[in-house]
Structures are given as C-alpha cells and as structure tokens.
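Report on one structure; see the data block that follows.
The values are calculated or read from the model by the stated rules, or taken from the named source; none is laboratory data. Remember, predicted model here, so these are calculated numbers, not experimental data. Ideal geometry is used to build each Cβ from the backbone, glycine not excepted, and the neighbour counts take in all protein chains shown. Side chains included, ligands, DNA and RNA excluded: accessible areas come from the protein's heavy atoms. Shrake-Rupley method; radii C 1.70, N 1.55, O 1.52, S 1.80 Å.
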Amino acid sequence: MMLLHYPFELVAPMVAISSILLLLLGPLLIPRLYLVFLLVYFTGFLYSQINHVFKFWITASTMKKKIRAWNANSTQQQRITANPSEKLNSPVTRHSALVDDERLDELEAMQPEVSSELIHAFIVPNYAEPEGLLRDTIKRLANHSNAQTNYVIILAMEASEQGHEIKAESLANYFKDSFLHFIVSVHPSDIPGESRGKGSNVSYAARVGCAEMIQRGLDRRRVVLTVSDSDSSIPELYVKEVEKAFHRAEDPHFLLYAPPIFFSRNCFDVPAAVRMTDITWSAMVMSNLSNSRGIAFPCSTYSLSQVLAERVGFWDTDADSVGEDMHMMLKCFFKTDGMARCQPIFVPINLTNVQTNGYISNIYARYVQAKRHYNGVADVAYTLRNAFGIRDSFSVDSLTSSGLVSKKSSMYASPTFWIDKLIISIKVLEAHMIPISSGWLMFAAVPLMQFVLFPPHPMMAIVDPADNPILVSDFYANLWNIVKIITVFLPLPLFGTLAIYEVLHRFVDRELYHKKPSESRTWRNCFDYISLPIAAWLFLTLPSTIAAVKRLYKSNDQYIVAEKFFEEED
C-alpha cells in the first residue's frame, strides 16, 4: 500500500527541486526544451492570474452587495423601532404586488430577520493565546442578537499549555450567561498517532462538543459547527448568511460554508512586508471562492453541519493534515464521492496580522508562520492519492443505512465525479506548486538565460554561439522574444488585483467596521507595494520550497503558534 502511495509523495519535492535545477541548468543543457517550457509555463501562469482577477472582482462585488443590504436592513429596522407606523406606510408594504422579479432578493434582505432554528457551535481552538484576545473574540459573538438562545461556545484548550485550567475557568465564568451553552474541551497531548496543531485540537473539541450537545438534547441536524481562529472577528452578518445558505440548499449537510478573510485589526502596527503578504493571501482566498462548481477551499474560519462532520469522521489528526481547513474540504469531497461542496459566504472575517516587538522579530515571526502554513503541501499527495490512486473504502450508501442522511443528492453534486476530481486536483496543485515554482522562474529565469546565452563580455561566454539556439534558429529567436514579451505582462494581473483590493478594503472598513477614513488604508499605503517582491520570495517562495523538499523525509516540526499582540479595552 505504501509503495503505491509513494509516487504521489514525490510530486511536491520534485517540482521544487526541478524548478531550481531548471533555473540553473536549463540554459546550459537543454536550451531549446527550456525555451518551450518557459513559454508554456508563463502563458499558463498569465492565463490563471487573469482568471483569478475576474473571480476576485466577482467576490469583491458580491461582498459589497451583501454589506450594503445588511446596512440597509439595519437602518430600516432602526427607523421602524423609532417610528412603528412607518412600516405600514413603507413602499415595500404598499406596493409589494408590483415588485418585479429582479428586486426580490434585494427586498428580502430588507425584511426583518426571523428567529433561527439552527444552533451555531463555535469551536475556538487556542494554544498559549492571550486571555484578552480570546475574551475579545468570544465577546464579539456574545454581542450577536441570538447568542443566548442559539450559540454554543466550544473552547478548545490544550492540556500541554501551562495554566490552561485557570484561563478556561476565567472565560467560562465571564461568559456564563452570554450563550446557550459554554463547553470547554482539553485536548490531551499524548494521543498516539496525532500531530500537534489546530486540526487535532479542533477534532477533539468537535467530538467532545458534539457529544455534549447531544446529551443536552440538541438535534444534530440543527447544529452548525463553525471553526474559527483565536483572533477571528465573526460579524453577525456571517451567521445570517450561513443560515440563508443552509435553508436554501437542497441538502445543506453536503456543504462547507467558507467566508473570505480580511486583515484590518492591527495591519498598521506590522511591517509593510507582513501587511502585503497577508493582503495577497486574502486576495487569493477571495478569488478562490468564486467557483461555479462549488469547488473551492475555506481558510482559517468556516462552517459545516454536525451531520457532515460526523459523516466523514471529523477532522484528520495526523501530520499530513496540518492544513486543517483545506484538508477538511478535501476529506469531505472524497469521503462523499464528490457530493460535498464549498458554499461561499461573502462576508469577511477580520483577523490579526502576526505582530511582535521589533521589525526583524516581526519579519521572522511571519516567516515561521508561513513555514507552518505551507506544511499543508501534504495535501498534494493526499489529493492525488484519493483522486487517482487507492482510497480508503467508503460509500455514501453506508451513511444512508445509518439514518443520518437521505439518498437525495446535493444541488451542487456533479454527475461526473471524475471531472470534479480532475478540477480539484488542478486547484490543489495550483495552490501549492505555483508558490514553489513561480518565485524562482519569474524572478530569475529570463535574466539568467539572457546572461548565459548573451553574456555582457565575450570572456564570460559559457555557451558556444554555434550552440545558441536563439542565434542559429529563427524559430527559437521568435520564441525567446515571445517569452520576454509575456514576462512584461506577468505583473499586470497582480496590479489589477491590488487595485480592486484597495477599493474593497476601504469599503469594508467604512461600511462593515464603521472606521473613520483616517483609520483605513490611504494613498500613502501604496508605498507598501515596494516590499512586495521581497515579501513574495521570503513568505511564499522560500517557505513553500522548504516545505515541499521536506516531504522527502517528513520531519516532525515543532508546532509554533504565531505571536499576536493584543491590548484589551476596558
């Protein structure tokens, strides 16, 4: 079994090693083949990035629409509260019969919210996080209108953290009257076969929390599990949108609900390189969400039904599932034979940037976090193994016999599972292989080949002019010119993405977080982009390459939590 699986393990490290070797040896040993490769690679990369710009624009536009509708609804509710007679005279009431179909969605958003029958269980995993940060994260949930009747907090502590009992007891006492239930789980540090990290903590907390909720009489079909980070600021609009998506879906128990991520809590307190890295990361997550087939990946914060979590055996806890968000989506997809899909929720979740004392210290802390994130490259082998290799035996039919689900398929389920397997494999490869290869090839391939084939001085010549394909062949000369022209256009999709992001960031700060213009990004922040090339190589290419090469020997890295400053308001 392991021998059959091993070839898939070689994909990521071989891509990393090949990218570096091609960069150095391609112009010398295989210049003709290398030219063709660069043309294909750069053309494919440019196409994919243009595609991502359009998807990012769709996501940004939808986010703005949702936030505007929420604000309009809130404003109308305030006016109705202040003047109840206004509701009777509103255009929505007097002319409802004359409304055309194009405004139905808009008017629906303007109507008062009905009480939800869903129970939202928020899993808050943490290890050595400041108590003030956890209190602030949970307090934001406590401020939601249905928190006392429909919210359950599952505080996921680690037994290996010194003083975790005192922290958990303090938070439980602080919020004892704020939620329907407040459950504390303590993840043991000595479970055989487990790897330390968010995934194993979430899995243990979900099992403990789900069992506790069932004992307390809650129907598992009504429970929605939301996995968050310790610094996730989850707005009430996100919960409302999850409920709408849940009730509209033909079978909500086959869906993972994924929001975009946003960094606007402490972004001006960190170096520009850190800020730009997280902006780029946020934009990539947003563009990934706009997918017509429901094949996308959550990041950091996401929701799914308790039924789906139980159906797939909760979260994996081994070392190959360290990227628990993407891995859980992949696991749900394969364990349900492609019926599980990702439902985007176009409401941003506000996170904090990694922050420490000192500029160099902060840069290093972000680098450590990037290395941990890119350990998720293990999902490449997991995806290829399940899509094209040997999978663990599993059948959806076995689930129907348990009475948990019906045989009705999801509205998102594709009748062509093999096509969806191919698509999800391509998306996983793109997510992990592009950072590994693009940094090396985009930054150095053309300049290095120019230096090797056309040295600035004859004494520096490495390749004999008679062996230079660009000099002896018109075909390869034209190919070389096309490659150089394409490289000029490669940064343009990134510029388009950043332009859309700048507008979106200001809009979200103003309309959702109600910040003053001085507290949001300004034209001065355009200077942040100067740090982008260094940030891309230091926080994307280098850690992703290291993580890929380490797949050859699967080292067990020490789990290090990214440091975050937090000053609790009185």
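3J(HN,Hα) couplings calculated from phi for the range 332-347 with the Karplus curve 6.51 cos²θ - 1.76 cosθ + 1.60 (θ = phi - 60°) are, in sequence order, 4, 4, 6, 6, 10, 6, x, 7, 6, 9, 9, 9, x, 10, 7, 10 Hz; Gly and Pro show x.
For ILE154, the residues whose modelled amide H falls within less than 5 Å of its own, excluding neighbours fewer than 5 places apart on the same chain, are PHE122, ILE123, VAL124, ILE183. Rounded to the nearest whole Hz, the Karplus-based 3J(HN,Hα) values (6.51 cos²θ - 1.76 cosθ + 1.60, θ = phi - 60°) of the range 541-548 follow the sequence 5, 5, x, 5, 5, 4, 4, 5, with x at glycine and proline.
In this structure, the amide hydrogen of GLN343, modeled 1.01 Å from its nitrogen in the peptide plane, lies closer than 5 angstrom to those of LEU256, TYR257, ALA258, counting only residues at least 5 positions away or on a different chain. Here the chain carries DSSP beta bridges of which approximately 25% are antiparallel, counting only pairs with both residues inside. The range 174-217 and the range 248-308 have Cα centres spaced 23 Å apart. Ligands, DNA and RNA aside, GLU243 has an accessible area near 20 Å² when probed at 1.4 Å. Of the residues ASN478, THR522, PHE454, the one whose Cα sits farthest towards the positive end of the charge dipole of the range 421-557 is THR522 (charges of +1 on Lys and Arg Cβ, -1 on Asp and Glu Cβ, taken about the Cα centre).
Using a probe of 1.4 Å, the accessible surface attributed to ASP337 totals some 50 Å² when neighbouring protein chains are kept in position. Helix 417-453: angle to the longest alpha-carbon principal axis of the chain, degrees 0 to 90, nearest 10? The two axes meet at around 40 degrees.
Each of ASN291, PHE175, ALA16 was scored by the projection of its Cα onto the charge dipole of the chain, and the greatest displacement toward the positive side belongs to ASN291; charges sit on the C-beta of Lys, Arg, Asp and Glu. Summarising the amide proton neighbourhood of HIS187: residues at separation of 5 or more, or on other chains, whose placed amide H is nearer than 5 Å comprise MET157, GLU158, ALA159.
May I ask for the angle, rounded to the nearest 10°, between helix 492-511 and the longest principal axis of the chain, with both axes built from Cα atoms and the value confined to 0 to 90°? So the inclination is approximately 20 degrees.
Remark: accessible surface ordering of MET326, MET63 (largest first) is MET326, MET63, probe radius 1.4 Å. Of the listed residues ILE123, ILE482, the order by accessible area with a 1.4 Å probe, largest first, is ILE482, ILE123. Viscosity 1.002 mPa s, temperature 20 °C: Stokes-Einstein D of the range 249-327 from its Kirkwood Cα radius, in µm² per second? The calculation lands on 147 µm²/s. Under the convention that each Lys and Arg Cβ holds +1 and each Asp and Glu Cβ holds -1, the size of the dipole of the chain around its Cα centre is about 860 debye.
Does the range 203-271 come out rounded, prolate or oblate, given a ≥ b ≥ c as the square roots of the eigenvalues of its C-alpha gyration tensor, rounded meaning a/c under 1.5 and, failing that, prolate meaning a/b above b/c? Here the range 203-271 falls in the oblate category. Note on the chain: helix-only mean residue ellipticity at 222 nm, from DSSP H runs of 4+ residues weighted -39500 (n - 2.57) and normalised by residue number, equals -17500 deg cm²/dmol.
Between the beta carbons of ASP219 and ARG510, assuming R0 = 25 Å, the FRET efficiency works out to 0.05 to the nearest 0.05.
The string of couplings for the range 164-179 from the Karplus curve (6.51, -1.76, 1.60, θ = phi - 60°) is 5, 5, 5, 4, 5, 5, 4, 5, 5, 5, 5, 10, 4, 10, 9, 9 Hz, one whole number per residue in order, with x for Gly and Pro. Helix 272-289 and the longest principal axis of the C-alpha atoms of the chain enclose an angle of approximately 70°. In this view, the solvent-accessible surface of THR149, computed with a 1.4 Å probe and all protein chains in place, comes to about 90 Å².
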